[in-house]
Amino acid sequence: LETVQPITKLVAPWNKEFWYTLGQTHQKLGHNEKAIDVYLEGLSVWQPDNLMEALTAVFSEVNGDTSGLKARMKAAANSLANFEPGQYQPPETTTGQVVLAELFTGCECGPCAAADFAFDALRDYYPRTRLAILEFHQHIPRPDPMTNYDSDARYQYYGANFGTPTVFINGTDKMVGGGPKIVTKNRFTLYSHTIEKHLKAKPGYHISGLADLSQDQVKIDLQIKSSNDQPDSEKNPLLNIALVERSVDFSGSNGVDHHAFVVRKLVNGGEGKVITIDNQGLTLSETIQLKAVEIELADYIKEYAAQNANRITDTEGWKNPPIKLNRDNLAIIAWLQDAETKAVLQAFYYDVPSAAAAK
């Protein structure tokens, strides 16, 4: 029990042998109520016979019969399905690291629901000064009209050999798998555990900047400074800049209606561009034409639909795809990534003021 306790919160609920063994261990120690909680968690997604039989037996032993078992199971399921992440407590001292979390998902992907809801919880839990989030939509297993040229390119950058949902934390920690909404807490806990590890690292770079919306274009000004103590392999990193919508409303078959930080444009493509940062740092500017982005999104949808007509039905939103950008709901995310290891070295997030707010 002492050995497995630290990892219990990270174990997937469908790992039936783990939950059965843990429950049995608690029973042998006389922790019957704890055993009941363990079995209930192991039964949250499906109901293997060994777990159900063990739960029924210990519940009857504790309560005299099984008359309240169904209500207890329903309450446990509701608690998991309506998971709240709580309030983030910042440490007394911080390293200045901003972690980048990337989710490859799809609105027609059933198992993506847990990952999507977990990313919503990450968004609500962490401030953007600690965590920047990107969501790249994919045509997995069926077409998704929020996919675009750049989400395809980013998928290719990481090897294009994985399904959805797949999460990359700071480019190097890869986590595959999701489930229904009831698995949200488990996915959030797993992602958060990895994020916290990266937050403890001291970054070799600092990124700051501004973004303004005027005349239907977003002008981005960035300042990048180096701490001069990073290894040689990180001294010419890849610069990536993403234009995201903080929320996109679209209903797919997996029950997720609101999609956070949907990537609409990658300024330097899926890989980024190599930059050189000297002792004085680097200042650079980029401009994104919003109408041009919408045209590109529309062209991608038209091209994909023409090539994959057999996969698309009217119920999948292709007649009115969500390609119109909400000018009041945009953000810029910039990050530096090691060209060899793909490790994200530092990230930066900035909400784009609306044109009305700028006036």
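The values are calculated or read from the model by the stated rules, or taken from the named source; none is laboratory data. All values derive from a computational prediction rather than experimental measurement. Quick reminder, even Gly has a Cβ in these numbers, built from the backbone with ideal geometry, and neighbours come from all protein chains shown. Heads up: the accessible areas ignore ligands, DNA and RNA and are worked out on the full protein's heavy atoms, side chains in. Shrake-Rupley method; radii C 1.70, N 1.55, O 1.52, S 1.80 Å.
Here are some notes:
- Relative contact order (percent, whole number), the chain, Cα cutoff 8 Å, 6+ residue spacing: 19
- On a per residue basis, the convex hull of the C-alpha atoms belonging to the chain measures out at 167 Å³.
- Full extension of the segment from residue 247 to residue 284, taken as 0.36 nm per residue of separation minus the current Cα-Cα distance, would add 10.6 nm.
- Computed about its Cα centre, the charge dipole of segment 254-304 is approximately 60 debye, with only Lys, Arg, Asp and Glu carrying charge at their Cβ.
- Stretchable slack from residue 21 to residue 87, in nm (0.36 nm times residue separation minus alpha-carbon distance): 20.5 nm
- Taking amide H atoms as placed 1.01 Å from N in the peptide plane, the amide H of residue 345 lies under 5 Å from those of 336, 337, 338, each 5 or more residues away in sequence or on another chain.
- Fraction of accessible area attributable to carbon and sulfur, the chain (%, probe 1.4 Å): 49
- The trypsin sites (Lys or Arg not before Pro) of segment 188-258 that meet both conditions, a loop assignment by DSSP and at most 11 other Cβ atoms within 10 Å of the site Cβ, are 200.
- Helical contribution to [θ] at 222 nm, DSSP H n ≥ 4, -39,500 (n - 2.57), averaged over the chain, rounded to 500: -10000 deg cm²/dmol
- Farthest positive-ward along the chain dipole, Cα basis, beta-carbon charges - from 304, 320, 46: 46
- The alpha carbons of segment 171-280 occupy a box of 50, 41, 20 Å along the principal axes, longest dimension given first.
- Selected from 118, 12, 306 as most flexible by GNM, with the chain as the system and alpha-carbon contacts under 10 Å: 306
- Net charge dipole, the chain: roughly 240 debye, given to the nearest 20, about the Cα centre with Cβ charges of +1 for Lys and Arg and -1 for Asp and Glu.
- Choice from 332, 295, 241 showing the highest fluctuation, given a GNM over the chain with Cα pairs closer than 10 Å: 295
- Computed P(r) (all Cα pairs; segment 100-166; 5 Å bins; percent): 4, 17, 28, 23, 17, 9, 1
- Within straight-line cross-link reach of residue 34, aspartates and glutamates at Cα separation under 18 Å, skipping those fewer than 8 residues along the same chain: 2, 17, 53, 61, 65
- Length gained when the stretch residue 276-residue 31 is fully extended (0.36 nm per residue, less Cα-Cα span): 82.3 nm
- Order of exposure, largest accessible area first, which applies to 354, 67 with probe 1.4 Å: 67, 354
- When 328, 150 are compared by accessible area of protein heavy atoms, the largest-first order is 328, 150, using a 1.4 Å probe.
- Area accessible to solvent at residue 72, 1.4 Å probe radius, in Å²: 70
- For the chain, with +1 on Lys and Arg beta carbons and -1 on Asp and Glu, the positive-most of 18, 240, 162 along the dipole: 18
- Candidate aspartates and glutamates - alpha carbon under 14 Å from residue 324, same-chain residues fewer than 8 apart omitted: 216, 245, 249, 294, 296, 299
- Heavy-atom accessible surface of residue 84, to the nearest 10 Å², is about 140 Å², with a 1.4 Å probe and all protein chains retained.
- With 28 Å as the limit on Cα-Cα distance, the pairs of 225/291; 185/273; 9/235; 9/273; 70/181; 197/342 that go past it are 225/291; 185/273; 9/235; 9/273.
- Excluding same-chain neighbours fewer than eight residues apart, the aspartates and glutamates reachable from residue 319 by a Cα-Cα span under 13 Å are 144.
- Ranked order, 124, 212 - accessible area, probe 1.4 Å, largest first: 124, 212
- A Förster distance of 30 Å, applied to the separation of the beta-carbon atoms of residue 78 and residue 313, puts the FRET efficiency at 0.35.
- When the charge dipole of the chain is built from unit charges on Cβ atoms (+1 for Lys and Arg, -1 for Asp and Glu) and taken about the Cα centre, the candidate among 350, 143, 35 whose Cα reaches farthest toward its positive end is 35.
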